[in-house]
1. For segment 236-297, what is one quarter of the convex hull surface built on the Cα atoms, given in nm²?
2. Listed highest first by mean packing, meaning other Cβ atoms within 10 Å per residue, what order do 270-283, 253-266, 203-216 come in?
3. Expected output is a single nm value to one decimal: the length gained when fully extending between Q367 and K69, i.e. 0.36 nm times separation in residues minus the C-alpha distance. What is it?
4. Report D for segment 215-369 in µm² per second (integer): Stokes-Einstein, Kirkwood Rh on Cα pairs, 4 °C, 1.567 mPa s.
5. Of the cross-linked pairs K229/K356; K69/K195; K195/K356, which ones have a Cα-Cα span greater than 21 Å in the structure shown?
Amino acid sequence: MLERLKKSPLMFWSLEILIVVAIIWICTKISFVFSPIAIFFSTVFIPILLAGILFYMLNPIVNLITKVKFGKHRIGRTWATTLVFLLLLGLVALAATVFIPKILNQLVTLANQIPDAASQGQKMIDKLFKDMNSQQLLKQIDFTSLTDKLSANVNKYAETIFNSVTNGLGGFISAAANAVIIAVTVPVVLFYMLKDGYRLAPTIKNFLPERHREQTMELLGKMSHTISKYISGQMIECLFVGTFTAIGYVIIGTPYALLLGVIAGVCNIIPYLGPYIGIAPALIVSFSSGGVWLVVYNIIVVLIVQQIDGNLVYPNVIGKSLEIHPLTIIIILLAAGNIAGLMGMILAIPLYAVVKVVVVHMYNIYQLE
């Protein structure tokens with residue numbers, strides 16, 4: 001009987017579950033041991049993430065420069081990395097002297113005009129509801145009381161936000177300090193990634209069992225290719241959408257065109273949902289300053305830019321490399337946004353693509369064996 005219990009699958013899995021539960025319970029009781037580790041990884045995560053994104057954007061340029069020959073000599077990787085860094089610093093300096101001051105100026109002007117725009121919008125809504133309330137069919141609905149309640153709620157939320165900002169001065173100082181740390185550490189991490197990143201794959205290969213060495217390296221190559229193509233493609237897409245949306249806003253006379261174009265380009269990082277988020281500030285500004293027709297013109301500009309992006313830019317820079325159905329992307333974005341907010345929505349698609357590559361590759365190996 002005892003021997004039968006020892007060999008029973010039910011006994012085996014019961015013991016496994018009990019061991020896992022016991023380990024989890026012990027870990028909760030000694031959480032103070034893991035808290036410094038969690039703080040360390042949370043501090044290191046953002047710089048490594050940003051450096052990794054820049055690495056996948058700039059590494060093809062470094063590889064291209066290393067292939068350039070001067071006579072019989074080629075440019076070394078250290079010099080190629082240095083040249084790319086100088087180019088990057090030049091672009092940052094150009095943005096800091098030309099574009100960023102204009103964007104900040106438009107942002108400050110827009111922030112100063114928000115109260116007047118809100119007041120004007122409230123007057124327009126009040127007038128619309130009063131006109132509706134004067135109709136015979138709608139006399140039973142008191143739209144005036146609804147607008148009064150809406151105004152009271154808006155004022156209440158505005159006061160809450162103001163108090164939160166006032167009380168969050170310490171948090172702002174902490175965020176500024178973290179931003180300075182990130183600004184210092186990201187270039188250093190990025191430089192060594194570009195300089196010595198090509199050595200990582202051979203080093204990993206030496207530690208792998210000989211039986212699975214080639215298969216694992218092929219898998220790592222596919223993962224790196226998927227991430228590289230997605231990140232570089234998304235950056236080109238965002239630059240295209242931001243630039244041509246801003247140009248379109250300038251042509252139709254939308255205020256704060258440069259700022260709204262930057263917002264549209266940044267929001268385009270989020271697949272499918274990004275364009276709708278990016279157009280919202282433009283519609284609000286257009287409605288408050290130019291009326292309904294300017295709103296219509298804004299929608300036409302965004303539709304034209306998104307059609308060009310979807311039919312020409314996206315298929316060429318990203319193509320079918322991800323092979324993810326649009327419905328799957330939307331479900332992933334909704335779940336990731338609910339779990340991790342905006343950062344989750346940005347990182348969910350490339351993470352899913354990498355996991356999909358791993359699963360498909362392992363399944364193919366299983367079928368072959």
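Read-outs throughout are calculated quantities, based only on the coordinates presented, and are distinct from any laboratory measurement. In this text, all values refer to a predicted model and were calculated from it rather than measured experimentally. Every residue, glycine as well, gets a Cβ built from its backbone with ideal geometry; the counts of neighbours run over all protein chains shown.
1. Working: hull surface 14.3 nm².
Mean projected area of the Cα convex hull: 3.6 nm².
2. Values: 270-283: 18.6, 253-266: 21.5, 203-216: 11.0.
Top to bottom by mean Cβ count within 10 Å: 253-266, 270-283, 203-216.
3. Working: separation 298, 0.36 × 298 = 107.28 nm, distance 4.51 nm.
Extra length available between Q367 and K69 comes to 102.8 nm.
4. Numbers: Rh = 16.9 Å.
Calculated translational D: 77 µm²/s.
5. Details: K229/K356 15 Å; K69/K195 19 Å; K195/K356 29 Å.
Checking Cα-Cα distances, K195/K356 exceed 21 Å.
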